[in-house]
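The structure under discussion appears below in the form of structure tokens.
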Amino acid sequence: ATGTGAPAPATSASLYVGDLAQEVTEAMLFEKFNAVGPVASIRVCRDAITRRSLGYAYVNFVNPNDAETAVNDMNYDPVAGRPCRIMWSQRDPAIRRSGVGNIFIKNLDKTIGQKEMYDTFIAFGTILSCKVVVDPEGGSRGFGFIHYETQEAADSAIEKVNGKRLRDSTVYVGPFRSKSERLEEISKLETEYTNLYIKNLDDSIDDERLRTTFQQYGTITSAKVMRDKDRPEVSKGFGFV
């Protein structure tokens, strides 16, 4: 599979373009995308009151093949100095919210951007969307989300990448859970006393070593060594399993 979109429906020529800088206008997007093929319309979504850009737009091509070319060849191209994120426009909220094919990645090395994460996870199946969450300055917050076309692809990514090192960090990859599901899981864990606190850890102990030490006693949902906020390479000497 190539690009971030599933093969488009025969009649689809509409794209979502996200992660746009505030100053990006319809004219700027027209100049970029019209180079691929004729553009029918472009709309930068804005706040109804302030008219400030919401950071995303919809680009509608005349020809669906041109839209597919844009998805495959222009993803993460810079617009006004910021890489844009392109995917097929999916207006059906039921598909977005179903949870099927959605995974969550945390403990990402801060140098890994959306393109690098996409290049890592595309091996497991067609990606509908890929996002590294960033702070207001554009720096990675160390976690992200991927939506696959199929649950099988998501399961394969979890199996193959969870607990592996990507650059200098051991990542956690698991199913995406809604806020209500996460709160329910936390409540259940607290009730069943399945969360352990471990202290006096040697500085050499990392997440993977912690996991392998305790996994002989049962299935582990997460293992984390706590680290200094300003110096993530420095262990605080305690963790949780």
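Can you name every residue in the stretch 167-179 that is under 23 Å from PHE238 (Cα atoms), aromatic (Phe, Trp, Tyr) and either at pLDDT below 75 or part of a loop (DSSP other than H, G, I, E, B) (or both)?
none
Report the residue count in the stretch 60-90 for those that are at positive phi and at pLDDT 90 or above.
The total comes to 1.
Within the stretch 38-59, count every residue that is open to solvent by 80 Å² or more (accessible area, probe 1.4 Å) and on the phi < 0 side of the Ramachandran plot.
6
Select from the stretch 180-212 the residues that are under 29 Å from PHE121 (Cα atoms) and either modelled with pLDDT under 65 or part of a strand (DSSP E or B) (or both) and list them in ascending order.
Selection gives GLU181, ARG182, LEU183, GLU185, ILE186.
Could you grab me the full set of residues in the stretch 215-241 that are open to solvent by 90 Å² or more (accessible area, probe 1.4 Å), assigned to a loop (DSSP other than H, G, I, E, B) and of a type outside the set (S, T, N, Q)?
LYS229, ASP230, ARG231, GLU233
Within the stretch 60-80, identify whether any single residue is of a type in the set (Val, Ile, Thr), touching a residue at least 40 places away in the same chain (Cβ under 8 Å), open to solvent by 50 Å² or more (accessible area, probe 1.4 Å) and not in a helix (DSSP H, G or I), and answer yes or no.
Among the residues of the stretch 60-80, at least one is of a type in the set (Val, Ile, Thr), touching a residue at least 40 places away in the same chain (Cβ under 8 Å), open to solvent by 50 Å² or more (accessible area, probe 1.4 Å) and not in a helix (DSSP H, G or I), which makes the answer yes.
Those residues that are open to solvent by 50 Å² or more (accessible area, probe 1.4 Å) and touching a residue at least 40 places away in the same chain (Cβ under 8 Å), I need them from the stretch 119-133; list them, please.
Across the stretch 119-133, the qualifying residues are THR120, LYS131.
Identify all residues within the stretch 140-152 that are assigned to a loop (DSSP other than H, G, I, E, B) and either among the charged types (D, E, K, R) or open to solvent by less than 30 Å² (accessible area, probe 1.4 Å) (or both); write none if there are none.
GLU149
The values are calculated or read from the model by the stated rules, or taken from the named source; none is laboratory data. This one's a predicted model, so the numbers in the text were calculated from it and none came from an experiment. Using ideal geometry, Cβ is built from the backbone for each residue, glycine included, and neighbour counts are taken over all protein chains shown. Surface accessibility is based on the protein's heavy atoms, side chains included, excluding ligands, DNA and RNA. Shrake-Rupley method; radii C 1.70, N 1.55, O 1.52, S 1.80 Å.
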